[in-house]
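Inspection log for the structure reproduced underneath, given as structure tokens.
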Amino acid sequence: ATPTSIMVGSGRAAQMGILFKEGKFLEILGKCKIVIMDKTGTLTNGKPEVTNIYVNRLSENAFLEIVGAVEQTSNHPIAKAITQKAKSKVHFLPRVNKAVSMPGYGVKAMVNGQKVIIANPGYYKKNNIFIPPQADSLVYDLTEKGQTVMIVFIDSRLAGIIAVADEIRASSIVAVSRLKQAGLGIIMLTGDNRNTGMTVARKLAIKNYQTEVTPQDKERIIQQLKNQGNKVVMVGDGINDAPALASADVGIAIGTGSDIAIETGDVTIIKGDLKRLIDAITISKKTMTNIK
Ligand code: ADP
Ligand code: MG
């Protein structure tokens, strides 16, 4: 494409809230046949809300103080939801030491001399930590509904379970179906639990998906597809999938209202609307065919 056609194309895209960082991405996008999508914040709102809290031994408020304090150290959307819930119920969050975030799993820290772990079921499985059957079946029921579940351990004992729900965006359903119609392959990758991911994928009619993948796994999967000769687009919210966005042929960061990770990604879709991806692809194809 000529510099002029690129300029015209990026200008039209910008008017629709699609920002191409460099002309070359406008040239590549229309040639990509595979679109990888993150779940949280991309296909869903990225604004999870706490729906259920189950406590073991502690009072709900004592539990919320501890988990709220620990999650305050994390900037994950789930952490924000939990902290917000805690602050709405208790006046004061205790001090936290040695907070460690475990990407793809959760967060841990010391609170009042106690060791607190807030993590997904996959973390406990991986570390061979036993979850009592009653708690396990609760987790199963919640994830079956598409909710994301965190299990909390305090000093090596089950202290409670927190479930959050993150709505699928109406625009995602339309966008996925149109992308499929356009002949693109769609793959959803999520760090979320197997059941939760499966439910969301089913609601979106996405057949190819992988769950419980870490940010590094996402990057590796993209690299593999590229090595097989595919041109790959990755769409993410940019909060924790920067490595995956960087490894794709075109990394697209999608804004979720207030948070837009413009720094990551070759293309930014300002408003969190996946339908703009279809517009971006159309503009890219036109740019490449109209003027050689
Ligand atoms: P996604 O691919 O859905 O964006 P992430 O890699 O961001 O997933 O997170 C994967 C999972 O790790 C989340 O679904 C959640 O269970 C867990 N997780 C990550 N960070 C936190 C946190 N701060 N608190 C609780 N759970 C977390
Ligand atoms: Mg994410």
Do we have any residue at all in segment 176-196 that's free of Cβ contacts under 8 Å to residues at least 40 places away in the same chain, under 16 Å from the mean Cα position of the chain (by Cα) and in the same structural domain as Ala248 (by TED's automatic domain parsing)? no
If you check Asp266 against the conditions, is it modelled with pLDDT under 95, closer than 21 Å to Gln15 by Cα and away from ligand 1 (no atom under 16 Å from the Cβ)? yes
Please find, among Val235, Val200, Val213, Val149, the residue that is within 12 Å of ligand 1 (Cβ to nearest atom), assigned by TED's automatic domain parsing to the domain that holds Ala79 and in contact with a helix residue (DSSP H, G or I) (Cβ under 8 Å, 6 or more places away or on another chain). Val149
Looking at Ala242, Ala280, Ala182 in this structure, which one is more than 12 Å from ligand 1 (Cβ to nearest atom), surrounded by fewer than 22 Cβ atoms within 10 Å (Cβ to Cβ) and aliphatic (A, V, I, L, M)? Ala182
Within segment 127-145, does at least one residue satisfy the condition of being within 16 Å of ligand 2 (Cβ to nearest atom) and among the aliphatic types (A, V, I, L, M)? no
Do we have Ile117 as in a loop (DSSP other than H, G, I, E, B) and assigned by TED's automatic domain parsing to the domain that holds Glu65 here? no
Search segment 31-82 for residues being over 21 Å from the mean Cα position of the chain (by Cα) and of a type in the set (S, T, N, Q), and hand back the single one that is nearest to ligand 1 (Cβ to nearest atom). Asn56
Reported set for segment 90-118 where residues are touching a residue at least 24 places away in the same chain (Cβ under 8 Å), more than 16 Å from ligand 2 (Cβ to nearest atom) and within 20 Å of Pro215 (Cβ to Cβ) is Ala99, Lys108, Ile117, Ile118
Taking the conditions exactly as written (within 15 Å of ligand 2 (Cβ to nearest atom) and surrounded by fewer than 20 Cβ atoms within 10 Å (Cβ to Cβ)), does Gln223 satisfy them or not? no
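This table checks each residue for (1) modelled with pLDDT under 95; (2) of a type in the set (Val, Ile, Thr); (3) within 16 Å of ligand 2 (Cβ to nearest atom).
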{"site": "Met150", "(1), (2), (3)": "no, no, yes"}
{"site": "Ala159", "(1), (2), (3)": "no, no, no"}
{"site": "Ser171", "(1), (2), (3)": "yes, no, no"}
{"site": "Gly185", "(1), (2), (3)": "no, no, no"}
{"site": "Glu212", "(1), (2), (3)": "yes, no, yes"}
{"site": "Glu219", "(1), (2), (3)": "yes, no, yes"}
{"site": "Asp237", "(1), (2), (3)": "yes, no, yes"}
{"site": "Pro243", "(1), (2), (3)": "yes, no, yes"}
{"site": "Ala246", "(1), (2), (3)": "yes, no, yes"}
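The values are calculated or read from the model by the stated rules, or taken from the named source; none is laboratory data. What you see is a predicted model; the values in this text were computed from it and never measured. Backbone-built Cβ (ideal geometry, glycine too); neighbour counts: all protein chains shown.
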